[in-house]
Amino acid sequence: MTTVVHKESEQTLFRREIEDSEGHLDLEAGKHTETVQAHPDEDNVVANVEENKYLQGYELVTVVICVIIVYFLTYLNGAGMIATALPAITAEFNSLADIGWYGSAYFMATAVMLPLTGKIFTNFSTKWFYIAFVVTFFIGSAISGAANSSAMLIGGRVITGLGASGIYNGSQTLMVAGIPTNKRPLIFSLVVAVTSPASILGPVIGGAITQYSTWRWIFYLNLPFGGLAVLILIFSRIPDQCVKPPFFTALTRLTQYLDLIGWALLGTAVFVITFALERGAILGWSSAAVIGLFSGGGVALVLFLIWDWYKGDDGLIPFSVVKLKIVWSAAATAGALGSILNIQGYFLPLYFQAVLGQSASMSGLSLLPSLVPQIAIGVLAGILMGKLGYYLPQAIFGAILITVGSGLLTLLGVGTSTAEWAGYQVIIGIGRGFTTQVANVALQMACPKEKVSVAIALQSFSQSLGGAVFLQVATVLFQTGLKNGLTGIAGLDVTSIINSGATSFRTMSLSPSDLHAALTAYSASIKNTFYLAMGLGIVSFLTSWGLGNKKIPPKKKEGAEKGKGHDAA
């Protein structure tokens, strides 16, 4: 007798990458489109599926609470909690040159792993692989907290990022699998409502912990709460979102399901090119080692593109989706906006602490002028989109505000007043609020329905990857500018000032004139990163025009169309 199983088509294996820039979830995840037949001699039978038995009562409550805890901790780590601790970290390890890696290592690992996580949760147990990703995240946190060197901290951040990618996707997949359909909107909204404040709390909590305890507790904080959540999840019943092959059957077809070759080539290209950027600022761009790294990364990238083209829609990044204007426009827009968010989120606290002399906790509070309007305007923008029915005007207006605000940040200096740096951030925050969901909404409205899930996954991938790469580019601009600025000042020990970290140079025996010169050099080098952010703002403005301007249907009409779709099915 032939066993019939449901399996996601190869074109949609990439589909459930979670999370846009502000943590919103794709409610369409977990839908499966193809029925295939397996031969009994392959033992391809139903595995780990609870016959669509959704969670109810205390089971539902405990699992949702655990997911919220894990997701909140993950989002907190990616929302800038480490940013306000960077000056203290660089001072302890004398590692100002590595400042970009503490962020880009996390985002790079998350981005590279994202294409695999959707396929992993399609073919393997949702419960146990979700727990595995959560444990990976906390192992990375423990390593980061216990780091005795900059390299160890960067390694911990890589492991944390790998775990985070599975948590972003797995949290959504787990809830789709376990939450009854009629309760999903409420619970998904609850998750978003609880996790969104992390963008505000992250820098504030990170700064307070760094000032009143040690930066290591930024990472250790994850362990007790996360450990409790893992323990509860282990003993919880969690159904799978679709029928899956047995573990060992899926394991034997790993390369078919996961495209590990494409993943390895892409990961190699991203890491080597990013590493080349970092080495170039230290060894010089004409160095044989740097040229070799760029060449090796370029070769890996070309090989990936060839392999991905060969795999077609089964590839890691399907070309049939990427070639659509709406898709590459949304991906480019999200990548540019995500990069701006990371650059400003990392270098503004550095400016506040290194140049203005603020404490770690105060530097976190100083970010609120951009973070509060971002959330408030984000809510207003969602209401306006629903009322007016158009998203393109918000995308254009938001990109203009972000570009203008980023340009104004280049005016920051040693004597900038509070009103100035706060006002500039307010402009940026309003712009971010208007652009929060635009790319995601545009894809859902203008992209062919059968390609929406893959397109949203690509947008998320572009956002994480852009944030990682351009954060490293910003670091190169900062390091080069600082070195050149300090070198031009007679009598300064450039190496000692740079190696001392972002705040310890203030404790060195510098004359008032030398200290002012060092502060001016720091300020000028940080402004270089804001010029990059302004350039990316212009990119987001240009690419936003490719999002189209398809009218969002009224709620009644949309509901009617969905009803017709269900009837047809």
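Quick look at the numbers
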| read-out | value |
| --- | --- |
| Shape of region 253-341, Cα gyration tensor, a/c cut at 1.5 | oblate |
| Paramagnetic reach from residue 94 (point 7 Å along Cα→Cβ, amide N under 13 Å) across region 464-497 | 495-497 |
| Gyration tensor (alpha-carbon) shape descriptor, region 427-487, a/c threshold 1.5 | oblate |
| Sorted peptide list for 289-298, 426-435, 171-180, 267-276, criterion being average Cβ within 10 angstrom, highest first | 426-435, 171-180, 267-276, 289-298 |
| Highest average packing first - 116-127, 131-142, 146-157, 377-388, Cβ atoms within 10 Å | 116-127, 131-142, 146-157, 377-388 |
| Net length gained if the chain between residue 59 and residue 190 were fully extended (0.36 nm per residue, minus Cα distance) | 45.5 nm |
| Alpha-carbon centroid distance for the pair region 409-442 / region 67-139, whole angstrom | 25 |
| Neighbour-count order for 92, 59, fewest beta carbons within 10 angstrom listed first | 59, 92 |
| Virtual spin-label span in nm between residue 489 and residue 320, 7 Å along Cα→Cβ | 6.0 |
| Peptides 335-347, 66-78 ordered by average Cβ neighbours within 10 Å, highest first | 335-347, 66-78 |
| Residue pairs, from the table 387/550; 53/127; 325/551; 183/387, whose Cα atoms sit over 20 Å apart | 183/387 |
| In nm, spacing of pseudo-spin labels at residue 387 and residue 511 (7 Å Cα→C-beta vector) | 6.2 |
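Each value in this text was obtained by applying a stated rule to the coordinates, not by laboratory testing. All figures in this text were calculated on a predicted structure; none of them were measured in a lab. Cβ: placed from backbone, ideal geometry, glycine included. Neighbour counts: every protein chain shown.
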